[in-house]
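Where a number appears in this text, it was derived from the coordinates with a stated rule and is not lab data. Every value quoted in this text rests on a predicted model; they were computed, and no experiment measured them. Backbone-built Cβ (ideal geometry, glycine too); neighbour counts: all protein chains shown.
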Amino acid sequence: MITPTVSRPRQVHPAAPSGRTGQTGPVTLFEAPTTAPAGTVVFTDGACIGNPGPGGWAWAISGSEYESGHDEQTTNQRMEVTAVLQALGAIPGRVHVVSDSTYVVNCFKQRWWAGWRARGWRNSRGEPVANQDLWRPLVDEVVDRRRGEVQLTWVKGHSGDPMNELVDRLAVEAARMQRGAHSG
């Protein structure tokens, strides 16, 4: 069971982190890149001690506005998806998600979700999509409810990006301590 932190901010104000490095082109669903959404920039990450094992997830828009949580027995991929779900659940309006997870970013960049839906949530091999209990609500949120409002960008992990390093530390701590953190 995923255990989020005790409370969430009612309104999270944008804080654009500086010094981002190593990012590739953003993925904005259903809009041309020149009309990419302005809004809150949020970094997300998931971690797992062993795979499967105790896991943690985190999101942060600044060093003082973040949230993390944990799951006793999970996988790294589940925590990566959970981090984005939790961020989008906490941050209203237009959001630019920055993740070091190709699993998350490529789902939208390469439109895996469209094939999954068309095949009744089966992958290209005809098998049930892994982690669809998390993917379904994330795809619904990004593609249907917030169409054109969510942009995803990949950043190389462990490359010195301060915000990526922050969410990595928060996620690892949540996995190790099996408790979440909240600020803001």
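Quick notes on this one:
- Its relative contact order, with pairs defined as Cα atoms under 8 Å and 6+ residues apart, puts region 44-184 at 40 percent.
- Sorted by Cβ density within 10 Å, fewest first, the residues GLU65, GLU127, GLU141: GLU127, GLU141, GLU65
- Approximate shape of region 37-177 as ellipsoid semi-axes (Cα gyration tensor, √5λ), whole Å, largest first: 23, 19, 12
- Among beta bridges that DSSP assigns inside region 37-177, antiparallel share in %, nearest 5: 60 percent
- Exposure proxy order (Cβ contacts within 10 Å, fewest to most) of LEU170, LEU134: LEU134, LEU170
- Taking VAL172, VAL167 and counting other C-beta atoms within 10 Å, the order from fewest to most: VAL172, VAL167
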